[in-house]
Structures are given as structure tokens and as C-alpha cells.
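Notes for the one structure printed next.
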Amino acid sequence: MHSEMAGTCADVLVVAELFGPTLQGEGPSAGRLASFIRLSGCNLSCNWCDTPWTWRWSDHDRAAEQHPMDVSHVLTWARSQSAALYVITGGEPLLQVRAVTVLASELIGMGARVEIETNGTIIPPASLCRERVTFNVSPKLANADLTARRRIKPAALSSLAASGRAVFKFVVTDPGDLEEIAELEQAHDLRPIWVMPEGTSSATVAAGIRDLADAVVARGWNLTPRLHVLAWENTRGR
Ligand code: SF4
């Protein structure tokens, strides 16, 4: 059954991969059963990116990694998953905001909840800031090795913060990064804050959790593991 926002043949998503059921590994829903729609393409180029096959064409085969699909095709797959939670991630999914809005509307119509994982550089439309949609916003710190001008977009952060539908999740490579998060929290009124250790091995993630826990609690923030890495290491599609 299609809603009034039902897709048209113009609603094509460039998909990197569809996978599930698995566990949401990060943020407030860590541990929840979920299915993932990973979109291709990104407007940043973080040096520690754990999904370079969505954008880094210098060492990944674009033709093999990008799969244009009608929204209706993605929805057929989603119905076969019967998930309570769908995570739309990337890459940067808001680069495809028109089709993402249609997709999210249809997933909600199926009774599901939707989490959109975004780097916080793009303002989402009001039609996407709705009940049953949460934005897991991951603004990048200096550790991503990008200029501040490129990775921090004040208008987008403020808009997401004001939407009431966002949480802010920061990838930390060193406990010293926490001060930079505090500055962003204050400058853009970001809350709630989640801190996540960087790492694509269970040993690195576990060590990061131990290094960060006391300092995160002391600041009144939340700490998230990368549960999928603890469970399955760096296996793609988990
Ligand atoms: S924003 Fe995300 S997907 Fe894009 S380069 Fe950074 S870590 Fe990778």
C-alpha cells in the first residue's frame, strides 16, 4: 500500500548494500535488531572512514559498488525483512534526500521506525523530521583530517538540534577529543551527546571503551560501543 508520498519511477536510490537482519551496532539503539539500507556517495572523506566502498573510487570499483535501484525495489526487500527498525546509512544518505524521504515515509507506513545516519552537513527537510524518524548525527572532529569549514556546517547542526529528532554521536580516537566535542556541544546546543571509540577491530573498540568510560560519565554524556565490531570484527554486511 503506497502513501501519498509513494515513489515514482524518478525515485531512484544509489545503493551500496542492503543487509539484515543484524544488530544496530551504534548509538541509542545499539543491540536492537535492525535491517540496513546503505546508500552510496559521500560529501566528506574522513581519513578513518570505515565504509570507503561508498565513496573512495581511488581504490574501489565504482561500477561494482553502486547499485541504482527504484525505491519500490528497496521496499520489496524491506518487506521481506519485516524489521521493526530500518537504518538508512551511507556514505551520506541525505545527498539523496528526495528518494530517502519517500523511502522513510513508506517504511513508517509499514509500522517500522527509521534511523538516518548522517554526518550533519546537510539540513533535512521538514517532511523528514517526523515521528518514528531519528537522526543519528555524527559531526566529524579534527581527527577525521578534514578542514573545519568542510566538516562543520553550523546551520545544519543547529537545524538538526532544533528538530528534536537528533542525537549527536562523535567518533573519538583519543580522550583528548572530548574537549573538542564540548566546544561543539556548547556552540551549537547539541544534545544528547554520544561518544563512540573509533576502531574496526574488537580489541581496539574494547580498549577505547575502557579509555573513555570515566571521562564520558564525568561530562554527563553517553558512551556507545560498536557492537557489530565486537561481535563480528570488520565483516562487511553486518
Ligand atoms: S562522513 Fe561517514 S561515510 Fe563519509 S567519509 Fe566520513 S565516515 Fe565515511
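The values are calculated or read from the model by the stated rules, or taken from the named source; none is laboratory data. Note that the coordinates shown come from a computational prediction; the quantities given were computed from them, not determined experimentally. Using ideal geometry, Cβ is built from the backbone for each residue, glycine included, and neighbour counts are taken over all protein chains shown. Keep in mind that these areas ignore ligands, DNA and RNA; they rest on the heavy atoms of the full protein, side chains included. Shrake-Rupley method; radii C 1.70, N 1.55, O 1.52, S 1.80 Å.
The slack in the chain from H73 to R130, taken as 0.36 nm per residue of separation less the alpha-carbon distance, amounts to 18.2 nm. Overall, the accessible surface of the chain at a probe of 1.4 angstrom is composed of carbon and sulfur to the extent of 52 percent.
Rounded to whole numbers, the Karplus 3J(HN,Hα) couplings from phi for region 224-238 are 10, x, 10, 4, 5, 6, 4, 7, 10, 6, 9, 6, 5, x, 10 Hz, using 6.51 cos²θ - 1.76 cosθ + 1.60 with θ = phi - 60°, and x at Gly and Pro. Taking amide H as placed 1.01 Å from N in the peptide plane, L85 has its amide H under 5 Å from the amide H of S35, R113, each at least 5 places away in sequence or on another chain. Each principal axis of the chain carries a Cα extent, and these read 49, 35, 33 Å when sorted largest first. With all protein chains in place and ligands, DNA and RNA left out, the 1.4 Å accessible area ranks R79, R226, R149 as R149, R79, R226, largest first.
Since only A16, T76, W48 are under comparison, the one whose Cα sits farthest along the positive direction of the charge dipole of region 1-103, derived from C-beta charges on Lys, Arg, Asp and Glu, is T76. Using Cβ point charges alone (K and R +1, D and E -1), the dipole size of region 58-165 about the Cα centre works out to roughly 440 debye. Region 119-157 and region 31-91 have Cα centres lying 17 Å from one another.
A straight chain from R98 to E179 at 0.36 nm per residue would run longer than the Cα-Cα distance by 25.6 nm. Accessible area per residue for region 102-238 is 44 Å², calculated with a 1.4 Å probe on protein heavy atoms, without ligands, DNA or RNA. The sum of -39500 (n - 2.57) across all DSSP H runs of n ≥ 4, divided by the residue count of the chain, sets its helix-only mean residue ellipticity at 222 nm to -9500 deg cm²/dmol.
Here the gap between H60 and W48, fully extended at 0.36 nm per residue and compared with their Cα-Cα distance, gives a gain of 2.8 nm. Accessible area per residue was computed with a 1.4 Å probe on protein heavy atoms; L23 scores about 50 Å².
Per-residue surface analysis assigns D211 an accessible area of about 100 Å², computed on protein heavy atoms at 1.4 Å probe radius. Neighbours of E180 by Cβ distance under 13 Å: Lys/Arg scored +1, Asp/Glu scored -1, total -2. Ordered by 1.4 Å accessible area with all protein chains kept, H228, H73 run largest first as H73, H228.
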